[in-house]
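First comes the structure, then the notes that go with it.
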Amino acid sequence: MRLEKAFLLVAVVLVTACGAEVGSAEDSTEEPLLATELLYRDDAPNRDVDFKLDSSLAPYPRIARLIRETKLEEMRGVECDDEADATCIYGSNLEVHYAGERLVSLIDTTSSFYGGAHPSMTASDMTFDVQTGKRVMFGDLFNSWAAARELLQREWCEAVSDHSSCPPLEKQALALSGGASGIDSIAVHTSDYAFGSYAEGSDKAFLSVTPELIALAKPEYQKYFTLEVCC
């Protein structure tokens, strides 16, 4: 039986990210997020499964709980061999890259080990519209994802030029990034084997927001992009 264990006292999380904006009035009507809701751990024999949500999600309880339910379902699907000699490890860290008035964007980095030579790491992304409370696919932030991708792919290839290849941008984890002034860059995080060989490892980069990229953003999101680089 899986047990959900609280590692913090039941308390309201008030910590927000440096420079991040506070959530919308709609979110303020939700029950405050508890510190215990940010963590999950199942450490039964031969099993160590956990996730940690970024405390910057505190002003967005509806979104945080949606992410939590998604992760709990994922954790329930992790199958470990209880008879194996090695401990099965599956852990996720969800880091917020941008938390603003209209959009929240984060990258979920998951490490897993089921025995063998080494663990594996995968990166995925989640972006939410605060107004609707629904997840938004990254490409749907733009009127033309094909045009936005072309701009970003060029900069991405320059950023990873020391690798043997430049993998397609859309197959990487993509998140909006910025602070109080707005979205000033695009965070890119690869998984293992993105470049082909495990020896090359994973990589990450921050791609600049340009006037051309802002012009491609959908009207409802465009004003949240900025050319002013935060801290």
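In the P(r) worked out for the range 25-80, what percent of Cα pairs fall beyond 18 Å?
Cα-Cα pairs in the range 25-80 separated by more than 18 Å: 37 percent.
Add +1 for every Lys or Arg and -1 for every Asp or Glu among the other residues with Cβ under 12 Å from the Cβ of residue 218, and state the total.
Summing Lys/Arg as +1 and Asp/Glu as -1 gives -1.
Excluding residue 201 itself, what net charge comes from residues whose Cβ is under 13 Å from its Cβ, given Lys and Arg +1 and Asp and Glu -1?
Surrounding charge for residue 201 is -3.
Over the alpha carbons of the range 158-229, what is the largest minus smallest coordinate on each principal axis, giving the biggest first in Å?
41, 20, 17
Calculate for the chain the 222 nm mean residue ellipticity that helices alone would give, adding -39,500 (n - 2.57) per DSSP H run of length 4 or more and normalising by residue count, nearest 500 deg cm²/dmol.
Working: 5 runs with 45 residues, N = 231.
Here the helix-only value at 222 nm equals -5500 deg cm²/dmol.
Between the range 169-194 and the range 35-88, what is the separation of their alpha carbon centroids in Å?
23 Å
From Cα coordinates alone, what are the radius of gyration and Dmax values for the range 98-231 in angstrom?
15.5, 49
Taking the structure as given and computing Rg and Dmax of the Cα atoms in Å, which label from (1) 18.7, 57; (2) 20.3, 67; (3) 16.9, 47 fits?
Given (1) 18.7, 57; (2) 20.3, 67; (3) 16.9, 47, the calculated one carries the label (1).
I'd like to know how the range 44-120 sits against the 2.2 N^0.38 Å rule of thumb: what's its Cα Rg over that expected value? List each step's numbers first, then the result.
Details: Rg = 14.8 Å, N = 77, 2.2 N^0.38 = 11.5 Å.
The value comes to 1.29.
Considering the dipole of the chain built from charges on the beta carbon (Lys and Arg +1, Asp and Glu -1) around the Cα centre, which of 45, 56, 131 is farthest to its positive end?
In the chain, that residue is 131.
Give me the percent relative contact order of the chain, please, defined on Cα pairs under 8 angstrom at least 6 residues apart. Please list the in-between numbers first.
Details: 467 pairs, mean separation 36.0, N = 231.
RCO, the chain: 16 percent.
Quick note: the coordinates plus some simple rules give every number you see, no bench work behind them. Note that the structure is predicted; figures quoted are calculated from it, not measured. Here the Cβ is made from the backbone with ideal geometry for all residues, glycine too, and neighbour counts use every protein chain on show.
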